[in-house]
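Inspection log for the structure reproduced underneath, given as C-alpha cells.
The values are calculated or read from the model by the stated rules, or taken from the named source; none is laboratory data. Model, not experiment: these values are computed from the prediction. Here the Cβ positions follow ideal geometry from the backbone for every residue, glycine too, while neighbour counts run over all protein chains shown.
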Amino acid sequence: MKQLFNLLLIGILLATASCDFLEMEDEPEKAVISLFEMDKSNCVAPCEVSFTNLSFEFICEWNFDDGSEITEDCSPTHIFQDPGTYEVSLTVENENGTSHTSSQTLTVNDGSNIHPFSGLKTLTFFYHTSAVKAVEVNDGFVVLANIYPGSPLSTKAFGSVLAKFNYLGQLESAEDVSDMIANDIIQTLDGRILLCGSTNNVGSVIEIDHDLMITKEYLSTRVGSVFNSIDHNNLNDIYIAGHQDIDGINASLVVKIASSFSERAEFHSYDPSSSNSLNHVQAHDDKVYFSNYSQTNAASQLFRMDQELYDIEELAFVDDQVVKSVKVDDAEIIVSTIGTSNAESFLYTFDHDLNEESTEILISSEYGQVYPSHLTSGENEIIISSFVFTGDADCPIHSVLQKRSNIQTTNNETVYQCDNHQGLYINSINQLNNEEYLAMGFAIKDDTYQLALTMLDASFTPK
C-alpha cells in the first residue's frame, strides 16, 4: 500500500510540474510585417502624398528619401518639393523590438516629361452638363461642372459635380457636391481647393481634398443668399461675393471668413429701389476688388474695399455693360464686359485706384454677338475665351481664344468653328505648368450637352 501511495504521489508531482511547464512556455511570436499604401505613385513637383500604414505594430518610422527628417507619425502626409525618384520606406517595430521594413517607389516629375492627352474627352451624366472651371493638382485636374435641364447657355444650373482627370485625360473619380450649386472654384498657394455657391437657399463655401471629399463647410445665415465668386489673399482670409434675394430684390453681399471657416466680417447693402449682385471678387495686397451689376440700371460698377470690409474706398462705373471677368495683378486691373443692348464686348484696364486707363473692343462684332466667358492672365499675357453667336443655323456658335501681351496687342486669335474645334464649345481655359492649355466646356453628342475638355498647345492648336 505504501508503494502504491508513493507512486500516486510521484504521479501527482509530475502532472503538476508538467502543467507548470506548459503555463511558463511562451507563445510563438507573430511575424512583424511592414505594409503601406500611398495615394499616388507618380505626380508633379511640388507633390503632396498621403501614406496609410496597413501594419499593426506599435512603432512606425518613415523615411521619405528626400533628406527630410524621419517621422514617427504612422499615417503621414508629406510634400516632395523636387523632381526625382524616391524610395519611400516604412519600418515598423513591435513591443519586443522586432522590426521589419518595406519600401515603394515614388516618381516626382518636373512637368516637362508628362505627355498630356490628345483629342476630345467627354463625360456623360444623367443630365446636360458643362465644365465651369478647373484647377490643376499634382497628378491632373479637378474640374467643376454644372448640371442643366437644357442648354448650358440658356438654362439655369440645378446641381454641380466634380470630376478628377489625370494627365492622360482618364477619369479617376467623380462626385456630386452634396446639395450645392457651385459657381466658382479656386486653389490656394498651399494647395487647398475651395468652392462657393448655394446650398438649400443659403450661400455656402466648401473645401475639398484631392479625392473630392468635403473637409469643411461654411453656410451663410442669410436665407436667399448666393455666393458667385471666391478668392483667397494667401494669408488667412477668404472672401466670398454674391447677393441675397429679399422679396425679389438682390442685396449685395460680401463675407470674409478665416481659413478655419469661422466668419470674420460681412458687408451687406440693401436698396429696395435697386437690385444688385456682386459677381466677382479679387484679393490683392491689402485691398479687395469687386464687380457689381445693377439690374435696375443695366450697368456695372467696380469698387475697392480694405480687408476688413468697412466701407467702399473707390468706385468706377462701366455703363451699359455687364462685367464678365475681372483679373487683378501687380500692374493693373483687367476687365472683360458684354454690352447690355448690343453685340459688342470690351476689354478695360484700370489702375489700382480704379482710374480707367484704356478700352479696346474684344472681338469684332462681324463674327456675331460676342459673349466673353473667361479671362486669365499670366506673365506678360492675357488669355480670353469667348462664345460667338453667329445666327447661322448650321453652325450657330463659334469659340474664340485670344492671347494678348496687353489689351491693345493681340498676339494670337483662333476661331474654332464647327468643323475645326472637335465639337468643343470653350467655357474656360487654364494655362498649365508645362505652358500648354486645358480648354473645357461642353460638346453636343446624341442631343446631349456633355462635359468636354481638350488639350491645346502654346499656339492654341488642339493636340
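Numbers for the structure displayed
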read-out: Meets criteria (under 28 Å from the mean Cα position of the chain (by Cα), modelled with pLDDT of 85 or more and more than 19 Å from residue 39 (Cβ to Cβ)) for residue 92; value: no
read-out: Check on residue 218, crowded, with 18+ Cβ neighbours inside 10 Å and farther than 21 Å from residue 323 by Cβ; value: yes
read-out: Qualifying residue in segment 340-353 (condition: of a type in the set (Asp, Glu), surrounded by 17 or more Cβ atoms within 10 Å (Cβ to Cβ) and over 28 Å from the mean Cα position of the chain (by Cα)); value: yes
read-out: Residue count, segment 78-99 (criterion: in a loop (DSSP other than H, G, I, E, B) and either under 20 Å from residue 54 (Cα atoms) or touching a Gly at 6+ places or on another chain (Cβ under 6 Å) (or both)); value: 5
read-out: Failed criterion for residue 341 (all others in (1) touching a strand residue (DSSP E or B) at 6+ places or on another chain (Cβ under 7 Å); (2) under 14 Å from residue 299 (Cβ atoms); (3) not hydrophobic (A, V, I, L, M, F, W, C) hold); value: (1)
read-out: Selection from segment 18-54 of residues that are among the hydroxyl-bearing types (Ser, Thr, Tyr) and modelled with pLDDT under 85; value: 18, 41
read-out: Only listed residue being under 22 Å from the mean Cα position of the chain (by Cα) and surrounded by fewer than 20 Cβ atoms within 10 Å (Cβ to Cβ), chosen from 284, 280; value: 284
read-out: Condition check for residue 147: without any contact (Cβ under 8 Å) to a residue 24 or more places away in the chain, within 27 Å of residue 250 (Cα to Cα) and either outside any loop (DSSP other than H, G, I, E, B) or among the basic types (Lys, Arg) (or both); value: yes
read-out: Any hit, segment 320-329, residues being more than 26 Å from the chain's Cα centre (by Cα), buried (at least 18 other Cβ atoms within 10 Å of the Cβ) and farther than 17 Å from residue 250 by Cα; value: yes
read-out: Residue within segment 209-218 that is assigned to a strand (DSSP E or B) and over 23 Å from residue 282 (Cα atoms) present; value: yes
read-out: Residues (surrounded by 13 or more Cβ atoms within 10 Å (Cβ to Cβ) and more than 28 Å from residue 110 (Cα to Cα)) located in segment 62-97; value: 74, 91, 92, 93, 94
read-out: Count of residues meeting criterion [part of a strand (DSSP E or B) and of a type outside the set (Lys, Arg)] in segment 378-417; value: 26
read-out: Of residues in segment 279-301 being of a type outside the set (Gly, Ala, Ser), touching an Asp or Glu at 6+ places or on another chain (Cβ under 8 Å) and not in a loop (DSSP other than H, G, I, E, B), the one farthest from residue 186 (Cα to Cα); value: 287
read-out: Failed item, numbered, when residue 136 is tested on (1) of a type in the set (D, E, K, R); (2) touching a residue at least 40 places away in the same chain (Cβ under 8 Å); (3) in a loop (DSSP other than H, G, I, E, B); value: (3)
read-out: Residue within segment 308-318 that is over 27 Å from residue 227 (Cβ atoms) and either touching a strand residue (DSSP E or B) at 6+ places or on another chain (Cβ under 9 Å) or modelled with pLDDT of 90 or more (or both) present; value: no
read-out: Tally, over segment 151-177, of residues that are under 16 Å from residue 130 (Cα atoms) and out of contact with any His (no Cβ under 9 Å at 6 or more places or on another chain); value: 16
read-out: Residue match in segment 195-208 (condition: under 12 Å from the mean Cα position of the chain (by Cα), surrounded by 16 or more Cβ atoms within 10 Å (Cβ to Cβ) and of a type in the set (S, T, N, Q)); value: no
read-out: Single match in 157, 174 (criterion: in contact (Cβ under 8 Å) with a residue 24 or more places away in the chain, surrounded by 15 or more Cβ atoms within 10 Å (Cβ to Cβ) and assigned to a strand (DSSP E or B)); value: 174
read-out: Of all residues making up segment 243-256, the number that are surrounded by fewer than 20 Cβ atoms within 10 Å (Cβ to Cβ) and either among the β-branched types (Val, Ile, Thr) or closer than 25 Å to residue 352 by Cα (or both); value: 2
read-out: Any chance residue 148 is more than 22 Å from residue 282 (Cβ to Cβ), surrounded by 15 or more Cβ atoms within 10 Å (Cβ to Cβ) and either charged (D, E, K, R) or modelled with pLDDT under 90 (or both); value: no
read-out: Residue within segment 230-241 that is touching a Gly at 6+ places or on another chain (Cβ under 6 Å) and either touching a residue at least 24 places away in the same chain (Cβ under 8 Å) or outside any strand (DSSP E or B) (or both) present; value: no
read-out: Any pair with Cβ under 6 angstrom, 6 or more apart, that starts in segment 39-51 at a residue that is under 21 Å from residue 432 (Cβ atoms) and of a type outside the set (Lys, Arg) and ends at one that is outside any loop (DSSP other than H, G, I, E, B) and at pLDDT below 80; value: 44/109
read-out: Whichever residue in segment 433-453 is hydrophobic (A, V, I, L, M, F, W, C) and more than 13 Å from residue 143 (Cβ to Cβ) and, among such residues, is modelled with the lowest pLDDT; value: 444
read-out: Residue 456 being at pLDDT 80 or above and under 23 Å from residue 125 (Cα atoms); value: no
